[in-house]
Amino acid sequence: MILASVTAILSTLYLQQGLFDPNQGDVGLYEWFVRHVTVGGTPYKDFIVEYPPYALLVFALPWLMGSFDYLLYFMTLVLVLDLGIKLILYVIGRKETGPRAFLPLFLYSVTVPFLYFFILQRFDLWPALFSLVGILLFSRKYFALSGAVLAVAVWLKLYPIVIAIPIFVLAWRLGRWKRFLVGGVIASLPVLVASYSLPWWRFVAFHGERGLQAESLYASVLWMGHFFLPMHMIWLRTNNWYEVLGFTVALFTPAIKIFWAIMVAYSVYVSSKVLWYNADAGQTADISIEILSRVTLFPILAFVVFAPVLSPQYVIWLLPIAVLSTFRGNIMPAVLICVASTMSTLFYPVPNYFGPGLNIWETAALLTRNVLLLSSWILLWREYRETDREKKELFDTQSRA
């Protein structure tokens, strides 16, 4: 406990130094959205917004705190969120027994300093925190509140939908799906009402038009390949990100997007089955936070690893839930995610990233990060496949009895 607590404090003090860093670009975009709304612009209609509707509320908070230093207020809020996650991990650890009780807090606190360059200047910690809280509330049997919090997470950054679906399946199995659904609907009402005048769904089309982002698993393989094979590749800035372009990329990108959708759907299905068979008919299931975090990590990993876009801040989505999965079972999936997260500093930000593209060593670091994330997904897949088989056999035996 002492080691984890000291690490958490030092981690926070290190991140605090980032409050004095200059604007790197993304926060400026968030402020730009708010400024256009304040002068009468309609999001998604008068100007493009690449985020779900509730993200705009997050962007508005620093403005409401005072417009003279938007960047400082934005980063201060993110630092508070980081403290909130550490506090949650600490409280959960105090209720656990055994040598792993404070391992999640230690792993998280050791890893986040390596994300120093961007963690305070991205809003990705918001949906990560809401996802964590939503799972925690479900484990405490606050089903309606859990549904509401997870719905907010979805309207912040879409990806938590892959968490909400398996959780809803478990709620159905427990006979608590109405509470969970009502909570989600209530939290979604503002978005549903706004649909009459706010075409928020356009953000999905915006991302559908994106190409192969330079840091994705596929792009890292192709970019490494162009050092050894006669493949014409271009590392180019498009909008607010970098993509790898070329004939080979154009040939495979449509298939990559389909493959991503299939793998995410498959991972959600596997997680849902594991949670379904984890609940005995008519009895209380094991819905502890460690079980829920371990199972829901699987589809989030699929969403990140197999996507045609894998920005450096996406690992923030994984960390809080990944470290909680270390309470039980094999800790290697979480450790691999943490190690992969620390490798971001080896290729981002570097001068070549904003220029002609990563050199061979920087590309090797990028590729290694992606392979580690993929390996984490494979380890969980092997574990869940075996768990799914065992639970199904037990369920079939009980049903026949």
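What number of residues within region 164-220 satisfy the criterion of being of a type in the set (D, E, K, R), within 22 Å of the chain's Cα centre (by Cα) and either surrounded by 13 or more Cβ atoms within 10 Å (Cβ to Cβ) or over 30 Å from Phe247 (Cβ atoms) (or both)? Reasoning before the result, please.
Kept after step one, since they are of a type in the set (D, E, K, R), are these residues of region 164-220: 173, 176, 178-179, 202, 209-210, 215.
Applying the additional criterion that residues be within 22 Å of the chain's Cα centre (by Cα) yields 202, 209-210, 215.
Within this subset, residues satisfying the condition of being either surrounded by 13 or more Cβ atoms within 10 Å (Cβ to Cβ) or over 30 Å from Phe247 (Cβ atoms) (or both) are 202, 210, 215.
Number of matching residues: 3.
Residues in region 235-242: is at least one at pLDDT below 90 and under 20 Å from Leu158 (Cα atoms)? Yes, region 235-242 contains at least one residue that is at pLDDT below 90 and under 20 Å from Leu158 (Cα atoms).
Taking Leu380 as the residue in question, decide whether it is hydrophobic (A, V, I, L, M, F, W, C), buried (at least 16 other Cβ atoms within 10 Å of the Cβ), under 30 Å from Gln121 (Cα atoms) and at pLDDT 90 or above. First the steps, then the outcome.
Details: hydrophobic (A, V, I, L, M, F, W, C): yes; buried (at least 16 other Cβ atoms within 10 Å of the Cβ): yes; under 30 Å from Gln121 (Cα atoms): no; at pLDDT 90 or above: yes.
Considered against the rule, which asks whether it is hydrophobic (A, V, I, L, M, F, W, C), buried (at least 16 other Cβ atoms within 10 Å of the Cβ), under 30 Å from Gln121 (Cα atoms) and at pLDDT 90 or above, Leu380 comes out as no.
With respect to the conditions (1) assigned to a helix (DSSP H, G or I); (2) under 25 Å from the mean Cα position of the chain (by Cα), Asn23 falls short on a single one, namely (1). Looking at region 99-120, can you tell me whether even one residue there is without any contact (Cβ under 8 Å) to a residue 24 or more places away in the chain and either farther than 30 Å from Ser288 by Cβ or not aromatic (Phe, Trp, Tyr) (or both)? Yes, there is a match, as at least one residue in region 99-120 is without any contact (Cβ under 8 Å) to a residue 24 or more places away in the chain and either farther than 30 Å from Ser288 by Cβ or not aromatic (Phe, Trp, Tyr) (or both). Screening Phe228 on (1) more than 29 Å from Leu380 (Cβ to Cβ); (2) assigned to a helix (DSSP H, G or I) shows it passes everything except condition (2).
For Leu198, the conditions (1) more than 29 Å from Trp377 (Cα to Cα); (2) free of Cβ contacts under 8 Å to residues at least 60 places away in the same chain; (3) among the aliphatic types (A, V, I, L, M) all hold with the exception of (2).
The residue that is surrounded by the most Cβ atoms within 10 Å (Cβ to Cβ), among those in region 12-50 that are of a type in the set (Gly, Ala, Ser) and within 23 Å of Lys157 (Cβ to Cβ), is Gly18.
Taking Tyr353, is it under 17 Å from Tyr242 (Cα atoms) and within 18 Å of the chain's Cα centre (by Cα)?
Against the criterion (under 17 Å from Tyr242 (Cα atoms) and within 18 Å of the chain's Cα centre (by Cα)), Tyr353 does not qualify.
Of note, Pro104 satisfies the criterion of being surrounded by 23 or more Cβ atoms within 10 Å (Cβ to Cβ) and at pLDDT below 95.
Being closer than 26 Å to Ala364 by Cβ and in contact with a Ser or Thr (Cβ under 7 Å, 6 or more places away or on another chain) is true for just one of Leu245, Leu318, Leu301, Leu229. Which residue is that? Answer to the check: Leu301.
Just checking, how many residues over region 36-85 are of a type in the set (Val, Ile, Thr) and under 25 Å from Leu13 (Cα atoms)?
Residues of region 36-85 of a type in the set (Val, Ile, Thr): 37-39, 42, 48-49, 58, 76, 78, 80, 85.
Now drop any that are not under 25 Å from Leu13 (Cα atoms), which leaves 58, 76, 78, 80, 85.
Residues that pass the stated criteria total 5.
For the residues Gly40, Gly18, the requirement of being on the phi > 0 side of the Ramachandran plot and not polar (S, T, N, Q) singles out Gly40. Within region 304-335, the residues that satisfy the criterion of being crowded, with 23+ Cβ neighbours inside 10 Å and within 14 Å of Ile378 (Cα to Cα) are Val304, Val305, Phe306, Pro333, Ala334.
Is it the case that Ala205 is assigned to a helix (DSSP H, G or I), out of contact with any helix residue (DSSP H, G or I) (no Cβ under 6 Å at 6 or more places or on another chain) and either of a type in the set (S, T, N, Q) or more than 30 Å from Gly41 (Cβ to Cβ) (or both)?
No, not satisfied.
Residue pairs whose Cβ atoms lie under 6 Å apart, sitting 6 or more positions apart in sequence or on different chains, and linking a residue in region 4-20 that is at pLDDT 90 or above to a partner that is surrounded by 14 or more Cβ atoms within 10 Å (Cβ to Cβ) and in a helix (DSSP H, G or I), are Ser11/Ser109; Ser11/Val112; Ser11/Pro113; Tyr14/Pro113. Please work out if Tyr116 is assigned to a helix (DSSP H, G or I), at pLDDT below 90 and of a type in the set (Ser, Thr, Tyr). So Tyr116 passes the test. What number of residues within region 221-234 are closer than 19 Å to Ala307 by Cβ and over 23 Å from the mean Cα position of the chain (by Cα)? Selection size over region 221-234: 3.
Whether any residue in region 356-376 is surrounded by fewer than 18 Cβ atoms within 10 Å (Cβ to Cβ), free of Cβ contacts under 8 Å to residues at least 40 places away in the same chain and assigned to a loop (DSSP other than H, G, I, E, B) is what I want to check. Yes, some residue in region 356-376 is surrounded by fewer than 18 Cβ atoms within 10 Å (Cβ to Cβ), free of Cβ contacts under 8 Å to residues at least 40 places away in the same chain and assigned to a loop (DSSP other than H, G, I, E, B). Within region 64-85, the residues that satisfy the criterion of being in contact (Cβ under 8 Å) with a residue 12 or more places away in the chain and either touching a His at 6+ places or on another chain (Cβ under 8 Å) or among the aromatic types (Phe, Trp, Tyr) (or both) are Tyr70, Tyr73, Phe74.
Listed by first and then second residue, the pairs with beta-carbon distance under 8 Å, at least 6 apart or on different chains, first residue in region 261-290 and closer than 29 Å to Thr97 by Cβ, second assigned to a loop (DSSP other than H, G, I, E, B) and modelled with pLDDT of 90 or more, are Ile287/Lys141.
The values are calculated or read from the model by the stated rules, or taken from the named source; none is laboratory data. Because the structure is a prediction, the values reported are computed rather than measured. Counting neighbours? That spans all protein chains shown, and the Cβs are built from the backbone with ideal geometry, glycine included.
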